[in-house]
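**Student:** Dropping the structure in here first, questions after.
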Amino acid sequence: MTDVPFTEPEERRELRRQVSRLAAKYGREYFTTQARSGGSTSELWLEIGKNGYLGINIPEEYGGGGGGIGDTAAVCEELAAAGCPLLMMVVSPAICGSVIARFGTEAQKQRWLPGIADGTFTMAFAITEPDAGSNSHQITTTARRDGDEWVLNGQKIYISGLDEAQAVLVVARTEDARTGKLKPCLFVVPTEAPGFEYTAIPMEIVSPERQFSVFIDDVRLPLDALVGDEDAGLVQLFAGLNPERIMAAAFATGLARHALRKGTDYAKERTVWRTPIGAHQAVAHPLAESHIEVELARLMTQKAAALYDAGDDMGAGEAANMAKYAAGEACVRAVDRAVQVHGGNGITQEYGVAGLIVASRVTRIAPVSREMILNFVAMHSLGLPKSY
């Protein structure tokens, strides 16, 4: 047997090896240099796309690899493990690609998916708003019909990569003609559309992928900018949010693996007395604990991806939230331990671990906070009363 329970198939393991080799040509030094110089990772992005790794979850008839979200998550994880955690991997192929492949018209799939697959067309995703936070029911960005057009108005915040994207999948709310209630819908908005403006948010994170505030003022779109059914509501939205959580977990475990490798390599080499510091249990045990935590988070991430790829949206929702929580916690602890092992060297730029601190913290906060995941698990998994 080449495969046993709880291991990935050989095809995916080979995918991981190939992506790891490609990413090693760039590495953490490339990533941080681009971030601190104001550059971009477009060279890496396009090479991933050229090799077929970027759109591996997109159907083959639209230029993709015909794989599942588990394959895309593997690519994201290996890039992060090599020191190149790409947020837009979470957004463009995983969220936007999944939603369009599942709910888009044939014309929409032909128009957008091939470019998403090869990296020549990047699509951002905009759901978060300044006042709504994690409450998607309080989104105030609205879309109204005006003849043969949609008119969008609203504001978004913490939207990744708009300076590198040609379009953004915007979550807005349309009014139900029968009830007057607002319902969520998804629209593809060109980033150069009149009335669509965005400004960069100063961030402490070391990343070439920037965050933006978005202002949408009477942006007019053709009717076919709507992706999916106007009446489908949350079903379509959560078809994108489950992949988002799975990819966020893969991003976090990859980053944790990178930090853990830096910490263990240093512990093997650094000698203060007669033996390397890794021989001391006070150093070795925390690193061993992190390895266990990361492997447990990876296993739950693989479970969530398998459930999603099998079409079990409810099961995937629970597992994806748990995976994201476990991965975020494991990432923060792994980075903290890697910095501590380095001592004073851990807060220098030279040793390359201090810059991971803010990035690791993001994995606890975005795209959904650890506290909201605990609310979800308490209510849905344990049947406890809703707390909010």
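The values are calculated or read from the model by the stated rules, or taken from the named source; none is laboratory data. Predicted model only: the values in this text are computed from it and were never measured. Heads up, the Cβs are rebuilt from the backbone with ideal geometry, glycines too, and the neighbour counts pull from every protein chain shown. Remember, those area values only see protein heavy atoms, side chains included, never the ligands or the DNA or RNA. Shrake-Rupley method; radii C 1.70, N 1.55, O 1.52, S 1.80 Å.
**Student:** If I ask for residues that are in contact (Cβ under 8 Å) with a residue 40 or more places away in the chain and outside any helix (DSSP H, G or I), which ones from region 66-87 would you list?
**Tutor:** 68, 82, 83, 84, 85, 86
**Student:** Can you tell me which residues in region 214-258 are in a loop (DSSP other than H, G, I, E, B) and acidic (Asp, Glu)?
**Tutor:** 229, 230, 231
**Student:** Additional query: Find the residue count for region 298-347, including only residues that are surrounded by fewer than 21 Cβ atoms within 10 Å (Cβ to Cβ), touching a Phe, Trp or Tyr at 6+ places or on another chain (Cβ under 8 Å) and within 14 Å of residue 69 (Cα to Cα).
**Tutor:** 2
**Student:** Name every residue in region 102-122 that is in a helix (DSSP H, G or I) and open to solvent by less than 30 Å² (accessible area, probe 1.4 Å), in order of residue number.
**Tutor:** 108, 112, 113, 115, 116, 117
**Student:** Working only within region 188-232, note down all residues that are charged (D, E, K, R) and open to solvent by less than 20 Å² (accessible area, probe 1.4 Å).
**Tutor:** Of everything in region 188-232, just one residue is charged (D, E, K, R) and open to solvent by less than 20 Å² (accessible area, probe 1.4 Å), namely 209.
**Student:** Something else about it: Select from region 43-63 the residues that are within 16 Å of residue 19 (Cα to Cα) and not aliphatic (A, V, I, L, M) and list them in ascending order.
**Tutor:** Hits for region 43-63 are 43, 45, 47, 49, 50, 51, 52, 53, 55, 57.
**Student:** If you take the residues of region 163-187 that are acidic (Asp, Glu) and at pLDDT 95 or above, which of them is surrounded by the most Cβ atoms within 10 Å (Cβ to Cβ)?
**Tutor:** Only one residue fits best here, namely 164.
**Student:** Quick one: which of 237, 241 is modelled with pLDDT under 95, of a type in the set (A, V, I, L, M), closer than 16 Å to residue 88 by Cα and touching a helix residue (DSSP H, G or I) at 6+ places or on another chain (Cβ under 9 Å)?
**Tutor:** 241
**Student:** Exactly one condition in (1) of a type in the set (Gly, Ala, Ser); (2) over 27 Å from residue 58 (Cβ atoms); (3) touching a Cys at 6+ places or on another chain (Cβ under 9 Å) is false for residue 284; which is it?
**Tutor:** Residue 284 satisfies every listed condition except (3).
**Student:** Quickly run through region 48-86 and pick out the residues that are among the small types (Gly, Ala, Ser) and crowded, with 23+ Cβ neighbours inside 10 Å.
**Tutor:** 55, 64, 70, 73, 74, 80, 81, 82, 83 - these are the residues of region 48-86 that are among the small types (Gly, Ala, Ser) and crowded, with 23+ Cβ neighbours inside 10 Å.
**Student:** Another one. So, in region 348-374, of the ones that are of a type in the set (Val, Ile, Thr) and touching a residue at least 60 places away in the same chain (Cβ under 8 Å), which residue ends up surrounded by the fewest Cβ atoms within 10 Å (Cβ to Cβ)?
**Tutor:** Ranking the qualifying residues of region 348-374, first place goes to 358.
**Student:** Out of all the residues in region 284-296, is one or more open to solvent by 70 Å² or more (accessible area, probe 1.4 Å), under 20 Å from residue 328 (Cα atoms), assigned to a helix (DSSP H, G or I) and aliphatic (A, V, I, L, M)?
**Tutor:** yes
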